[in-house]
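Data block below; observations after.
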Amino acid sequence: MNVLIVDDESFVRRSLSEMLGSANHNFSIIGSAENGLEAVQLLKEHMVDLVISDIRMPGMDGLELAKHIHECYPDTETVLLTGYQDFTYASQAIRYGVKEYLVKPNSVEHILEVATGVYERLQLKKQQRQLTQLREKNLREKRLSDLLYGIPLPYFEEQLIPPFNSFVVVTVNHLGVGMPQNWSEQAMYAAVVNILEECFALYANVVGIQEEQEAIMLLFYPLEQPNGVDEVLTQELLHKLSGILKSPFCAGVSNPHYQLGALATAYHESLEACQQVKKESTPSVIFFRDLSMHSASPQLTEQLQVKATRRVISMMIEVMNSRLQENLSLKMIADELYMNPTYLGRLFKDDVGEPFSSFLTKLRIQKATELLENVTLKVYEVSELVGFKDPAYFSLIFK
């Protein structure tokens, strides 16, 4: 944790710096300042987690500094020190997000306790922020993956998509006979996604999606990109990828598109181009615009339709398993997936082999069987947990 000490008394600055610097290896004193004006300059130059500041100082006092930090550096915490027990100071400090207000002189133990408390709070906030970012990243990849197969994106999740003027889809396939470094196919494509995300991030907002037998890179260009992804750049990155993983790869690149609804079309184009380069068995990049025939492959179209169907069915079953206690219906799930319930019901029966309602009942009975092994649960409680409001009807169906 980077700490900045601000006090007009050099003795206080030196004492606090030495005490905190030697007491805990998690504390790093990045500097000290005589007043708020000096502190403002240091805040511009360094990443600061905690500011420990006196209140009464010439130039810019501690309250003005706390206000500046609150407005300009919301992730930085402030602890105020003062020799005056004045509630007015405390109430103003609270308005500026100051959580600790210490009266001088204060014990070393108390100051260390406060600093440690700030460190623990910041660590918790960091972990929570990382968890939120990871969840958002996973949800973004899932939603974009759905869009690749033509499954609509709920309008309230549009903010997950990076801002763009245009986008292209790059599909990457492995050409070698065996997996590099004896990896599994899944591990290899995970590595491909990580490497290319880092490379393409210099030129576009990039989202990598790992599929069973390919890596899909979605490149969102925030500014106008008349010719789409640069051909020389893509060749260089593919060569770099092959060098890192010590194995040959090929890539197919779609035409540039400008509406999110065209993502499925772009994915289809990149697959068409990638299939063409695989036929040549050379580590290379082919752009869809360079294909001699732009007619869609019936076999590829059918494969994508099968994948899309499986994805929809998987989503339906996931909803059923996670919400068995609710009064689920085919129409409810169809509305959430932005699909026609009649079409969805037919799709489900054709793929699973039984109607939605009977499959849902089977899942509920399976879950009830597991719950009934817990002897502390009453039958009526199990009935409610699996979505049956009437225990008598539940018993009848269960039998």
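Of the peptides 307-319, 346-358, the ranking by mean beta-carbon count within 10 Å, highest at the top, reads 307-319, 346-358. Helical runs (DSSP H, four residues minimum) scored at -39500 (n - 2.57) apiece and divided by the length of the chain put the mean residue ellipticity at 222 nm at -17000 deg cm²/dmol. The residues neighbouring V352, those whose beta-carbon lies less than 12 Å from its own, together hold a net charge of +1 under the Lys/Arg +1, Asp/Glu -1 convention.
Using a/c under 1.5 as the rounded threshold, could you call the chain rounded, prolate or oblate? The axes a ≥ b ≥ c are square roots of the C-alpha gyration tensor eigenvalues, and prolate needs a/b larger than b/c, oblate otherwise.
It comes out oblate by the Cα gyration axes.
Within the chain, DSSP assigns beta bridges of which about 50% are antiparallel (rounded to the nearest 5). Each Cα pair under 8 Å and six or more residues apart adds its sequence gap; the mean of these over the residue count of the chain is a relative contact order of 10 percent.
Here E373 and S329 are evaluated by their C-beta separation; at R0 = 25 Å the FRET efficiency comes out at 0.30. Cα centroids of the stretch 117-166 and the stretch 324-399: 30 Å apart. Using the Cβ-Cβ distance between E198 and L260 with R0 set to 30 Å, the FRET efficiency from 1/(1 + (r/R0)^6) comes to roughly 0.80. Amide H contacts under 5 Å for V79: V51, I52, S53, restricted to partners 5 or more places along the chain or on a different chain, H placed in the peptide plane at 1.01 Å from N. What the Cβ-Cβ distance of T116 and D8 gives, at R0 = 30 Å and to the nearest 0.05, is a FRET efficiency of 0.70. By the rule of a C-alpha distance below 25 Å, with chain neighbours fewer than 8 residues away ignored, the lysines paired with K349 are K142, K307, K331, K362, K367, K399.
Looking at the stretch 1-105, the accessible area is 51 square angstrom per residue; that uses a 1.4 Å probe and ignores ligands, DNA and RNA.
Screening the chain for whole DSSP H helices with an alpha carbon extent of at least 27 angstrom along the helix axis and a mean Kyte-Doolittle hydropathy of at least -1.0 yields 108-148, 298-322.
Can you check what the net charge comes to around L396, using other residues whose Cβ is under 15 Å from the Cβ of L396 (Lys, Arg +1; Asp, Glu -1)?
Numbers: positive: R364, K389, K399; negative: D390.
Summing Lys/Arg as +1 and Asp/Glu as -1 gives +2.
Each Lys and Arg contributes +1 and each Asp and Glu -1, all at the Cβ; summed about the Cα centre of the chain, the dipole is approximately 1240 debye. In straight-distance terms, cross-link reach from K125 covers every one of the lysines whose alpha-carbon lies under 19 Å from its own, apart from those fewer than eight places away in the same chain; here that gives K99, K137.
The values are calculated or read from the model by the stated rules, or taken from the named source; none is laboratory data. Here the structure is a predicted model, which is why all the values come from computation and not from measurement. Note that each Cβ is placed from the backbone with ideal geometry, even for glycine, and that neighbours are counted across all protein chains shown. We work out accessible area using only protein heavy atoms, side chains counted, and drop any ligands, DNA or RNA first. Shrake-Rupley method; radii C 1.70, N 1.55, O 1.52, S 1.80 Å.
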